[in-house]
Every structure is written in C-alpha cells, then in structure tokens.
Amino acid sequence: MRVIITEHARKRLHDFRQDRITITDIINAATGVPGRIPTATRFRGFFARSGRMFDIVAKDIPTGRLVITVIGK
C-alpha cells in the first residue's frame, strides 16, 4: 500500500510535540491499520522507534493511504 504524507504532517514533525517521530514511523503506523478508511479518522497509540507515542489522522484515497496529520503525546 502506498502511503502519502501531507505537507502539513511533514511540517508538524518539526514541532516540539512531534520531536523524534520520523517519516518511517508514520509509514509503519499507517500501513499497520487494517481495512479501508473511507473518512478521515484518528488512530491512537502508535509508538515511534524513539519511544515517543503519537496518533495519526488518515484516510484512504484512490492513490493510497493519505496521512493528514500527526499528533505527538
């Protein structure tokens, strides 16, 4: 499955709350969600390799899975 990360989500990775969360962590989280996501939905409780907990908001589109934003804990 192709994972598309929005520019907004990429910018958020530079914020303090999303510190130590990588693109690879986001891709692993997005591909780990089973099934189809027809509307933007928040998925909670992912862990980055650094140990930082985070949530993602994702939605399936015709070209793949779109990650709209990342929320660090």
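Read the figures in this text as sums done on the coordinates, not as results from a lab. No experiment lies behind these values; they were computed from the predicted model shown. Please note: Cβ atoms are built from the backbone with ideal geometry, for glycine as well, and neighbour counts cover all protein chains shown.
Data table
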quantity: Selection from the range 1-54 of residues that are among the small types (Gly, Ala, Ser) and more than 14 Å from the chain's Cα centre (by Cα); calculated: Gly35, Ser50, Gly51
quantity: Positions within the range 1-15 being assigned to a loop (DSSP other than H, G, I, E, B) and surrounded by 14 or more Cβ atoms within 10 Å (Cβ to Cβ), in sequence order; calculated: Thr6, Leu13
quantity: Counted residues, the range 55-73 - those being basic (Lys, Arg), within 11 Å of the chain's Cα centre (by Cα) and under 16 Å from Arg17 (Cα atoms); calculated: 0
quantity: Subset of the range 16-73 (residues that are touching a residue at least 24 places away in the same chain (Cβ under 8 Å), assigned to a helix (DSSP H, G or I) and surrounded by 15 or more Cβ atoms within 10 Å (Cβ to Cβ)); calculated: Gln18, Asp25, Ile26, Ile27, Ala29, Ala30
